[in-house]
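For reference, the structure discussed in these notes is given below.
Values in this text are rule-based calculations from the coordinates and carry no lab data. As the structure is a computational prediction, the values presented were derived from the model and not from experiment. We place every Cβ from the backbone using ideal geometry, glycine too, and count neighbours over all the protein chains shown.
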Ligand SMILES: Nc1nc2c(ncn2[C@@H]2O[C@H](COP(=O)(O)OP(=O)(O)OP(=O)(O)O)[C@@H](O)[C@H]2O)c(=O)[nH]1
Ligand SMILES: [Mg+2]
C-alpha cells in the first residue's frame, strides 16, 4: 500500500511498479480520488499494490484519511510511505507516519524525485519520520526502482533484516573535526545544556568531554573532543597530547560525526580525519556546521553539490549521511539526532542467511557460488568465500552488501575465507 501527501509522486511510483498507466498522474495536488489496486512484480513475487489519494490532515480530507487509513492500513501487508525530495518535512508527514506506525504493518519510507545521485542525501532529512532512512528513488526517471522492488519483497516475506534494538551499554557517538568548527557548540546543542566550553578562539576543548543523553529512546554517551590540526601546525606539547587523545577516543566509538565549517574550504586535514575514522570502524556522518552564516537560498543550492563532493572524496562508506547544521539557529540538530540513532540501528543489522544468499546470487562467478555468512553485528561482519578464480575482492563485496542492505555510512567488515 502506497501512502503519502499530495503530489509526492505516489501515482507515478505506482505506475512504475505496476508497469502500465493504471493510475492517472497529474501535477495538480489530490488527483487520485479514491484508491487504485493492481498487481506488481516485486523482485519475482507478485504483490497486490494499492495507490491511495494524497493525504492532507485537517479539513474535510483529513476525515477521509481516517477512513482510508483504518480500512486499508489495517489489512495492508506492508506500507510504502512516499515523501518528496523537493518538499520539506511537514506536520502532515509526521501525523501520517504515526498513523502508519500505529497500524502495525512493516513500513518503508521512500524519498521520491531523487532524479540524480546528488539528490540522494536529502533523503536523510526524512529519517526524522522515525521510519528509518528513506530510500531515495525517482519514479519518473526509474532510479533505484529495482532496489525498491527488492525492499518491498523483503518487507512482505519474513523480515530480511532484524536490527538489534537493545544495547546493554550506551551507544557512543563522537564529534571530531578541526579546531573552531563548532564541535563543542553542537555537542551542547545535542545535549541541550551548556556542557562543554565554547569560545571564539581555537583550541578551547582539551580533554574529551563525555555527556550522557537519550536519542530516539536509546542511551548514548556523546564525546566532544579537541580540534585536530595538521601535525606540523602543533608546536605545543599539551595541544599535541590533547589531539592524540581526541583520536584515541575514536576507539570503541559506534558513530563518528565529522564536523566541518561550511565557511571554510575542505582541507587535506579533513580527509585525514575521515581516514582515521574509517580505520577505527565507527559509522560516519558529516555535519556541515555554521549554516546560519550562509545567505538565504544558498544552503539548498549547496547541499547536493557538497554531498556529491564528499561522497567522492571519502569513498569508503557509501552514501554516508551529510547534513547542514547550526548550533546557533538549531537548524539540523533534530536531524542530526535522527541520523545518529539511524546509524546505530543500522550498525546492529542482522541479515538473514536467505537474504544473504539471494544477494550473492547475481554476483559474477566463474563457477561455484559465493558463500556468505554473517558472523557479527556492530559493525556488521561477514565471512566470505569467493568462487575459485573470482577476480573480485573485499571492496566489491562490501560495496555490494552495503547497497543491498542499505548500510550507508556503516562500516562492513569482511573476513575472507577459503574453501
Ligand atoms: N555562526 C555560527 N557560529 C558557530 C556555530 N557553531 C559554533 N560557532 C562559533 O564558532 C566558535 C567555535 O565554536 P566551538 O564550539 O568552541 O568550536 P570547537 O570546534 O569546539 O573548537 P575547539 O574546541 O577549539 O576545537 C565559537 O565562537 C562559536 O560560537 C554555528 O553553527 N554558527
Ligand atoms: Mg571545543
* Asked: Angle between the Cα long axis of helix 268-280 and the longest principal axis of the chain, 0 to 90 degrees, nearest 10?
  -> 70
* Which of the peptides 307-314, 402-409, 319-326 is most tightly packed, and how do the rest follow, judged by the mean count of other Cβ atoms within 10 Å per residue? -> 319-326, 402-409, 307-314
* **Whole-number D in µm²/s for the range 353-417 (Stokes-Einstein; Kirkwood sum over Cα pairs; 10 °C, 1.306 mPa s)** => 134
* Asked: What is the spread of the Cα atoms of the range 171-347 along each of their three principal axes, largest first, in whole Å?
  -> 42, 35, 32
* **Computed helical MRE - 222 nm, the chain, DSSP H runs ≥ 4 contributing -39500 (n - 2.57), nearest 500** => -9500 deg cm²/dmol
* To do: For the chain, state what percent of all Cα-Cα pairs lands in each successive 20 Å bin, counting from 0 Å until the bin that includes the largest distance.
  => 26, 54, 20, 1
* Tilt relative to the chain, helix 394-405 - C-alpha long axis, 0 to 90 degrees, to 10 -> 50
* Asked: So what's the angle, to the nearest 10 degrees on a 0 to 90 scale, between helix 91-103 and the longest Cα principal axis of the chain?
  -> 70
* To do: Post the alpha-carbon centroid distance, the range 335-374 to the range 170-215, in whole angstrom.
  => 33
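What whole-number volume per residue, in cubic angstrom, does the convex hull of the C-alpha atoms of the range 98-227 give? Spell out each step's value before the answer.
Working: hull volume 19.2 nm³, N = 130.
Spread over its residues, the Cα hull of the range 98-227 gives 148 Å³ apiece.
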* Between residue 293 and residue 368, take the C-beta separation as r, use R0 = 60 Å, and let me know the FRET efficiency to the nearest 0.05. => 0.55
* Structure fact -> Cα-based Rg/(2.2 N^0.38 Å) for the range 300-419, rounded to two decimals, is 1.26
